[in-house]
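Below: the structure, in structure tokens.
The values are calculated or read from the model by the stated rules, or taken from the named source; none is laboratory data. For clarity, every value in this text was computed on a predicted model and none was experimentally measured. Positions of Cβ are generated from backbone atoms using ideal geometry, with glycine treated the same way; all protein chains shown enter the neighbour counts.
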Amino acid sequence: MTSRLLWALRATSYLKISTCPRALSIVIKDLKYANTHEWVKVDGSFATIGITDHAQDHLGDVVYIALLEVGSYMKQSKYFGAVESVKATIDVMSLVYGEVVEVNTELNDSPRLVNASPFEDDWIVKVKLSNDGEVNSLMDSEQYSKLYEEEDAKH
């Protein structure tokens with residue numbers, strides 16, 4: 001039994017050393033970002049919110065997403081939901097203030113859409129904005145790319 005344990009420890013050590021880090025995360029230029037790794041796309045008086053490619057990559061396989069109900073109100077910088085993976089659970093923060101007009105109900109049955117398509121299928125909510133100027137305080141794609149590169153360098 002000792003030799004099996006030693007073999008397992010060696011195998012585990014080898015796997016940790018052999019894993020290659022993923023290439024840089026995808027960052028879309030026309031979106032705004034928060035340091036908590038959410039993105040927002042503003043289209044007129046509506047905003048779509050989701051988590052970034054960087055966030056989903058660090059989470060791993062997503063298994064559950066808590067969704068708001070249509071008609072709920074979100075406040076900027078307040079948490080409105082959660083994304084649960086096999087590794088961890090993160091709270092999702094609202095980047096704007098407004099009324100939820102649509103939720104991505106496909107995520108109920110297929111939460112892994114977040115992993116497969118971080119900017120097309122992983123949106124979580126669509127909001128009718130109360131103040132479209134709020135997005136001006138968020139990061140652009142260059143600022144966000146620099147942020148996550150610095151975070152990755154620390155780990």
Query raised in the report: Is at least one residue of segment 102-116 under 15 Å from T36 (Cα atoms) and either at pLDDT below 90 or in contact with a helix residue (DSSP H, G or I) (Cβ under 9 Å, 6 or more places away or on another chain) (or both)?
Result: no
Query raised in the report: Do we find that H37 is under 10 Å from the mean Cα position of the chain (by Cα) and under 28 Å from G133 (Cβ atoms) in this structure?
Result: yes
Query raised in the report: Any chance segment 59-79 includes a residue that's under 24 Å from S130 (Cα atoms), in contact with a Lys or Arg (Cβ under 7 Å, 6 or more places away or on another chain) and touching a residue at least 24 places away in the same chain (Cβ under 8 Å)?
Result: no
Query raised in the report: Which one is nearest to E120 (Cα to Cα), of the residues in segment 23-71 that are among the small types (G, A, S) and part of a loop (DSSP other than H, G, I, E, B)?
Result: S25
**Report entry** Complete set of residues in segment 97-133 that are among the hydrophobic types (A, V, I, L, M, F, W, C) and surrounded by 13 or more Cβ atoms within 10 Å (Cβ to Cβ)
**Finding:** V100, V101, V103, L107, L113, V114, F119, W123, I124, V125, V127, L129
Query raised in the report: Given S94, S77, which one is at pLDDT below 95, of a type outside the set (D, E, K, R) and crowded, with 21+ Cβ neighbours inside 10 Å?
Result: S94
Report summary line: Scanning segment 118-151 residue by residue, the ones that are part of a loop (DSSP other than H, G, I, E, B) and not hydrophobic (A, V, I, L, M, F, W, C) total 7
Query raised in the report: Which of (1) in contact with a Gly (Cβ under 9 Å, 6 or more places away or on another chain); (2) closer than 24 Å to K29 by Cα is the odd one out, the single condition L113 does not satisfy?
Result: (1)
Query raised in the report: Looking only at residues in segment 73-117 that are among the β-branched types (V, I, T) and part of a loop (DSSP other than H, G, I, E, B), which one is farthest from G44 (Cα to Cα)?
Result: V86
